[in-house]
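FYI, it's all coordinate maths here, none of it is from the lab. This one's a predicted model, so the numbers in the text were calculated from it and none came from an experiment. Positions of Cβ are generated from backbone atoms using ideal geometry, with glycine treated the same way; all protein chains shown enter the neighbour counts.
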Amino acid sequence: MSVIVLVEHTGGNIKKKSFEAVQYAAQIAQQTATTVTAVVLGSIADAEMEALGNYGASKVIHIADNRLDELHARAYTTALVNIARAEDSKIIITLYDINGRAVAPRVAAQLKAGIVAGALSYPNLEKGFAIKKSVFSGKAFAWVNVLSDVKVIMLMPNTFQLSKTDGKATIEKQDISFSEKDFGIKVTAVNKVTGEIALTDATLVVSGGRGMKGPENWGLIEDLAKELGAATACSRPVADTHWRPHHEHVGQTGGTIRPDLYIAVGISGAIQHLAGVNGSKTIVVINSDPEAPFFKAANYGVVGDAMAVLPKLTAAVKKFKEQHH
Amino acid sequence: MKILVCISQVPDTTTKIILKDNDTAINSQGTTYIINPYDEWYALVRAIELKESGIATEIHLVTVGKADIEPVIRKALALGGDEAIRIDAESIDPYQTAVYIADYTKSAGYDLVLCGKESIDYNNGTTGVLLAELLDMDYIGFATSVKIEGNVAIVNREIEGGEETDSCNLPVVIACQKGVAEARIPNMRGIMAARTRPLKVIAPSAITPLTAILSYELPPAKAGVKLVSADNMDELVALLHTEAKSI
């Protein structure tokens, strides 16, 4: 009856958001008087998996098959469904991210489970099994009640604060026989973005829009991002005119992000842009136009020319870091 | 090659969300509905491009909804598409929606199913994957380009921390996002032609939903922006540290 949680890792390093998923699972396990079984797929060292105990997993099931180092959603599904059946699990948890979104619905279909995509709360058991999620691109929230016996939850990353315990997990190795169709998709080339912080995982983001005037000024955005340890993003016009790559575009038709801090520079704040960033915990807007609609959605605002404000802000961050070390 | 494009109708992006019935429903009075942008701009337009280049022979559109969504489907037909199928049901449970579409699709012989990466109303992004599972097909999500070479789909997709190129035998379900195609607007010829293209209505299969929405909430109003002088960035940094606790 354990709560099953899928753990993601990059080249053997467990992602922070997966620790968050394990901690989330542990809380639900406590609510439902059971334990957490974390599932880790692919090549990873035992020492790394032991850390899952610190976030509430009591057991780790490791399937070391190195074909699982890449996302093969049907193979991941086979693994999770096998384990869920063996443990008679009623709750299966993944993240609401690229991997989770490819796997969780398949698991749900096989187990006839209702899905919550992008959970923002623990289940309210007094109302059944109701979980809060964002709808209408952040303009409202819905409480989704899962009616089926088995439940599949995709947790929105960066929703809960991590807190480490001294808990321990036992590691169990398993082999699962996969079928050919579990690996039906052949990966012919991989282009990992290295040396920069992945936008979807970033807790701090600096983003630029048309107000940056041209690609020659983008260095100012990068300077601030580097000083903060932040990822960079952009608005749609910037991506459409190819100043910046499409994967940096956030907004209705680009990516959706929910960082702790979103600094928007020279972005007017059209509703389509807000749809991609309104889950950010704190929003800072820097814009020369005091009437820019983005100021209404911001926590902090600076009215001024980006080219003048950015170097000052970067310098202030640098000074702050020197004082706090 | 026959392509099926899944179309969802959604409230226009600029719609203000108003709750009713003790916060258990959305007030749809005065709401303008549009084709879900990911379905339209990327999935449908890419299907049209594949037909224009002679790779696809036929494009069908499928949607789940009551008769009041037909104007949106006609608009999709005006962009392109030979025939539309409306499954006559209302559903906001992804599993139920996927079963409706899968039951229709099973015997219809499509080589490629395209959908948007998610709909902008319930933001689940689950229907396409569920459909693939129910049809025992492969699924590629977050696609940024889709090419067809013979019986194989060559797809670039976003992965965690980068991009990869995949190849996969047809039939396959592909969920499209930015990059797959460029948005188009329907021309007068398309709009006229769409009026006469078949729009079939079929009855949904019997399937009970696995989820239900109990209630809605609106986000708390923003407390208002705190303006900081452009000459005092030290103060902004201090506020971000002590008040917002984000750095």
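What the phi angles of region B:65-79 give under the Karplus curve with 6.51, -1.76 and 1.60, with θ = phi - 60°, is a coupling list of x, 7, 4, 5, 8, 4, x, 5, 5, 4, 5, 5, 5, 5, 6 Hz, glycine and proline written as x.
Computed from backbone phi with θ = phi - 60° and the Karplus coefficients 6.51, -1.76 and 1.60, the 3J(HN,Hα) list for region A:48-59 is 5, 6, 4, 4, 4, x, 5, 10, x, 6, 9, 9 Hz; x is used for glycine and proline.
Projecting label points 7 angstrom from Cα along Cα→Cβ for A:H242 and A:V190 puts them 2.9 nm apart. Taking a ≥ b ≥ c as the square roots of the eigenvalues of the alpha-carbon gyration tensor, region B:53-116 is classed oblate because a/c is 1.5 or more while a/b is no larger than b/c. Note that region B:240-247 has calculated 3J(HN,Hα) couplings of 5, 7, 8, 9, 7, 6, 9, 10 Hz, one per residue in order, obtained from phi through the Karplus relation 6.51 cos²θ - 1.76 cosθ + 1.60 (θ = phi - 60°); glycine and proline are x.
In terms of packing, defined here as the mean over residues of other Cβ atoms within 10 angstrom, the peptides A:131-143, B:186-198 line up highest first as A:131-143, B:186-198.
Neighbours of A:D46 by Cβ distance under 15 Å: Lys/Arg scored +1, Asp/Glu scored -1, total 0. Protection proxy ranking, highest mean first, for peptides A:314-324, A:34-44: A:34-44, A:314-324, where packing is the per-residue count of other beta-carbon atoms within 10 Å, averaged. In region A:148-297, Cα pairs under 8 Å separated by at least six residues give a relative contact order of 19 percent. Computing FRET efficiency as 1/(1 + (r/R0)^6) for A:Q323 and A:E291, where r is the C-beta to C-beta distance and R0 is 35 Å, gives about 0.50. The mean number of Cβ atoms from other chains found within 10 Å of a Cβ in peptide B:33-41 is 1, as a whole number. Taking every alpha carbon pair in the protein assembly as shown, what does the distance histogram look like in 20 angstrom bins from 0, in percent? Going out from 0 Å in 20 Å bins, the protein assembly as shown shows 21, 54, 24, 1 percent. At a Cβ-Cβ separation cutoff of 4.7 angstrom, cysteine residues of chain B with no neighbouring cysteine are B:C168, B:C176.
Where only DSSP H runs of four or more residues are counted, the protein assembly as shown gives -8000 deg cm²/dmol as its mean residue ellipticity at 222 nm, each run worth -39500 (n - 2.57). Relative to the longest principal Cα axis of chain B, at what angle does helix B:94-105 sit, 0 to 90 degrees, rounded to 10? Result, in degrees: 20. Globularity index of region A:3-183 is 0.96 (Cα radius of gyration / 2.2 N^0.38 Å, N = number of residues).
Take every Cα pair under 8 Å whose residues are at least 6 apart in sequence, average their separation, divide by the length of region A:3-183, and the relative contact order is 28 percent.
Each part gets one Cα centre, and for region A:278-325 versus region B:82-156 those centres are 42 Å apart. Placing a pseudo-label 7 Å from each Cα along the Cα-to-Cβ vector at B:E235 and B:I154 gives an inter-label distance of 5.8 nm. Of the trypsin sites (Lys or Arg not before Pro) found in region A:145-191, those that fall in a DSSP loop while having at most 13 other beta-carbon atoms within 10 Å are A:K164, A:K168.
If one computes the Cα centroid of region A:2-39 and of region B:202-243, what distance in Å separates the two points? If you average the Cα positions of each part, the centres end up 25 Å apart. Taking A:I92, A:I176, A:I61 as the candidate residues, the one with maximal mean-square fluctuation in a Gaussian network model of chain A, Cα springs under 10 Å, is A:I176. Taking GluC sites (Glu not before Pro) in DSSP loop states with no more than 13 other Cβ atoms inside 10 Å as exposed sites, chain B has its longest site-free stretch at B:91-181. What the Cβ-Cβ distance of B:K147 and A:K213 gives, at R0 = 35 Å and to the nearest 0.05, is a FRET efficiency of 0.45.
Along its three principal directions, the equivalent ellipsoid of chain A from the Cα gyration tensor extends over semi-axes of 38, 21, 19 Å, largest first.
Does region A:199-323 come out rounded, prolate or oblate by the C-alpha gyration tensor, with a ≥ b ≥ c the root eigenvalues, rounded set by a/c under 1.5 and, if not, prolate when a/b is larger than b/c and oblate if not? It comes out rounded by the Cα gyration axes. Using the beta-carbon distance between B:S205 and A:A315 and R0 = 56 Å, what value does 1/(1 + (r/R0)^6) give for FRET efficiency, to the nearest 0.05? The pair B:S205/A:A315 has a calculated efficiency of 0.30. Distances between placed amide hydrogens fall under 5 Å for A:G128 paired with no residue 5 or more residues away or on another chain.
Inter-label distance, B:K66 to A:A86: 4.8 nm, where each label sits 7 Å from its Cα along the C-beta direction. Using C-alpha pairs below 8 Å separated by at least 6 residues, the relative contact order for chain A is 14 percent. Mean partner shielding of peptide A:18-29, defined as the number of other chain Cβ atoms within 10 Å of each residue Cβ, is 0. Mind running the shape call on region A:167-247? Use the C-alpha gyration tensor, a ≥ b ≥ c as the square roots of the eigenvalues: rounded below 1.5 for a/c, prolate if a/b tops b/c, oblate otherwise. The shape class here is oblate. The ranking of B:C176, B:C6 from fewest to most other beta carbons within 10 Å of each one's beta carbon is B:C6, B:C176. If the segment from B:D21 to B:T57 were pulled out straight at 0.36 nm per residue, it would be longer than the present Cα-Cα gap by 8.3 nm. Annotation: amide H of A:A233 within the under-5 Å range of A:V206, A:S207, A:G208, sequence separation 5 or more or interchain, hydrogens built in the peptide plane. For B:K245, the aspartates and glutamates whose Cα falls under 18 Å of its own Cα, not counting residues fewer than eight places away in the same chain, are A:E227, A:D260, A:E322, B:D234, B:E235. When the Cα positions of B:S167, B:G81, B:A132 are compared along the charge dipole of chain B, B:G81 comes out farthest toward the positive end, with charges on each C-beta of Lys, Arg, Asp and Glu.
Highest mean packing first, where packing is the average number of other Cβ atoms within 10 Å per residue, the peptides A:107-114, B:203-210, B:121-128 line up as B:121-128, A:107-114, B:203-210. Rounded to the nearest 20 debye, the dipole magnitude of region A:3-183 is 740 debye, with +1 charges on Lys and Arg beta carbons, -1 on Asp and Glu beta carbons, and the Cα centre as origin. Residues B:M1, A:M49, ranked from the fewest to the most other C-beta atoms within 10 Å, line up as B:M1, A:M49. Counting lysine pairs in region A:199-323 that sit 8 or more residues apart in sequence, or on different chains, and whose Cα atoms lie under 22 Å apart gives 10.
Peptide A:96-102 has a mean of 5 when you count, residue by residue, the C-beta atoms of other protein chains within 10 Å of its C-beta.
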